[in-house]
Amino acid sequence: MKDKIIGGLITIVFSSLLVFCSMESKSASLPDEAYQVYLNGVKIGMIESKDELYDMIDEEQAEIKEKYKVDKVYPPHGLEIKKVYTYNEKIVDTNIIYNQIKDKDPFTIEAYNVLIKYNSDKLADEDVEQEEIERKDINIYLMNKELIYDGLYNTAAAFIGTDNLKDFENNTQTKIDDTGEIITSVYFDETISVKKDLVSVEEYIFDDIDELSRYLLFGTLEEQNSYTIQEGEDLATIANNHQLNVEELLIANPKYPSANVLLAAGDTLNVGLIDPLVTVKYNKTVVEDISIAFSEETVKDNTKSTSYRVVQTEGKDGLSRVTQNISYVNGVIRSLDIVKQEELVPVQNKVIVVGTRGATGGINYDPTTSSKWAWPTTIPFRIVSKFQWRWGRMHQGIDICTNGTGSPIFAVGDGVVYKINRVSSKAEGISIRIDHGEGHSTIYMHLSKVLVKEGQTVKKGDKIALMGCTGRCYGSHLHLGVYLGRPYEGGVPVDPCKTLFSC
């Protein structure tokens, strides 16, 4: 009996030992919980606590906190930490991992990420045969999100004028009674979004409004060139000498209200080329009294000799009150629609009587054939861009706006149509080139429709096309180019307002 009891106890003890051993074996097989650290996709070690690493990063980067005036520093973008379970992998000290990170990848801080998403190509000269210029979306980083609103406002004000923009914003513009102008809308062409983000301290993070405003206007952080004004200089001369036009110089130097301002010798000017990162679009309604130039009419008299030439009626300019809706892109007029025209003073054309009787009694002289040129658009018109420097390149012609798409275009002189481009995607758009002989040729760009054929002979004033906005164009207008020789074939561009017309 005793043996049975002892045997039973022994059995029980053995069973207990087996259970105990089994439990010990089970506990020993459990894996360790740890954190695998990756930097830019590469394993750099395993640590016991990710929070300890985050705290170490924050505590050790006092210099970053001081520089950016922030309370917390975050891990690099390339840092990834994954929870793992391991039996054999060695867990290293957090400090070892930190030292590997700090010299290989920049830390991050909380800031604002501004995305500027472009909806159209960058502005470029349409009269230069070139490939499309695409704008890539950009990010701008700020410590304070209010900076972007102030920066955009300052950029718009550079083109519109601070007082004008304030009056528009506050609805305090002077109403148009007889003549005047009002801004009807202001907007940016780009889609601009702002979000709080973790930003690498290697990025340039703006915290100064003046610096951001310059960046938005000039498109670079580089210091802009400056020029010291000399005695007797004016803005037009300085602009041309630095491959700028006066409007660009005024935008870069907002302290000067107009091109006619008197300059003080010794003052400095910003002569950097503006290259705005945003596109400021705005519309105006403008009512102005426009002088309508008289033209000459010739009356033939076959009873008089060819030497006879008498002014029958003196010419007098007329005056019209014209209401226009004008669209601007970064300070440049891109389209113009005439919505109303009221005649105040009628035009009186100059009438000249000329003789056409020759020695034999026949007509041997046609005075309507002359070296004079005809204006290529309807009247009234507005020259919205002259033959001048524009965006760092010479604008090799003049841009003329009248009453929008479909307005007629006329040949400026007798000649032969030698080339027509009907590919609207080219920079010049649909265009016509005319050889006028004696070394002169003209090109008419951005047309909506061509009314002539290659090889056709045209006369001065013939209707050859309709105005449009094809090719590299931001509003319906005519680009007229005048060349000694042929455009893009070795010809030299000349100013239409100094060679053909007085404009």
* Structure fact -> Inter-part gap, Cα centre of the range 45-123 to Cα centre of the range 409-455, in whole angstrom, is 62
* Under 13 Å from a label point 7 Å along Cα→Cβ of Thr323: give me every residue in the range 163-182 with its amide N that close. => 176-182
* Rough spin-label spacing in nm, given labels placed 7 Å along Cα→Cβ, for Ile96 and Asn260 -> 7.9
* Asked: Modelled label-to-label distance, Lys72 and Thr457, 7 Å Cα→beta-carbon offset: nm?
  -> 8.4
* Structure fact -> For the range 138-270, the Cα convex hull volume per residue in Å³ comes to 152
* Compute the length gained on full extension between Ser295 and Asn241: take 0.36 nm times their separation in residues and subtract their Cα-Cα distance, giving the result in nm to one decimal. => 15.7 nm
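Arrange the following residues from fewest to most other Cβ atoms within 10 Å of their Cβ: Leu39, Leu198, Leu216.
Numbers: Leu39 18, Leu198 14, Leu216 22.
Going from sparsest to densest Cβ surroundings: Leu198, Leu39, Leu216.
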* **Selection of trypsin sites (Lys or Arg not before Pro), the range 441-474, meeting DSSP coil and at most 10 other Cβ within 10 Å** => Lys453
* So what's the Cα pair-distance distribution over the range 32-105, bin width 10 Å, in %? -> 19, 52, 23, 6, 0
* Structure fact -> Cα-based Rg and Dmax for the range 372-503, in Å, come out at 13.2, 37
* Can you tell me what the convex hull of the Cα atoms of the range 195-288 projects to on average, as an area in nm²? => 9.2
* In terms of Cα to Cα distance under 16 Å, which lysines are near enough to Lys300, apart from those fewer than 8 places away along the same chain? -> Lys350
* Which one, [x] 167, 53, 42; [y] 96, 56, 48; [z] 93, 56, 53, gives Cα extents along the principal axes in Å as derived from the coordinates shown? -> [x]
* How much length, in nm to one decimal, is gained on full extension between Ser502 and Glu438, taken as 0.36 nm per residue of separation minus their Cα-Cα distance? -> 21.0 nm
* May I ask you to give the average projected area over all directions of the convex hull of the Cα atoms of the range 282-368, in nm² rounded to one decimal? => 8.0
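Quick check on my link table: of Lys72/Lys196; Lys281/Lys386; Lys340/Lys372, which ones sit more than 24 Å apart, alpha carbon to alpha carbon? Write down the numbers at each step before the final one.
Values: Lys72/Lys196 14 Å; Lys281/Lys386 20 Å; Lys340/Lys372 31 Å.
From Lys72/Lys196; Lys281/Lys386; Lys340/Lys372, over 24 Å: Lys340/Lys372.
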* Asked: R0 = 30 Å: FRET efficiency of Gln230 with Thr162, Cβ-based, nearest 0.05?
  -> 0.55
* To do: Go ahead and estimate [θ] at 222 nm for the chain from helices alone: -39,500 (n - 2.57) per DSSP H run with n ≥ 4, summed, over the residue count, rounded to 500.
  => -6000 deg cm²/dmol
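Values quoted throughout were computed directly from the atomic coordinates according to the rules given, and no laboratory measurement underlies them. Keep in mind that this is a model prediction, so the values were computed, not measured. In this analysis, Cβ positions are derived from the backbone assuming ideal geometry, glycine residues included, and neighbour counts consider all displayed protein chains.
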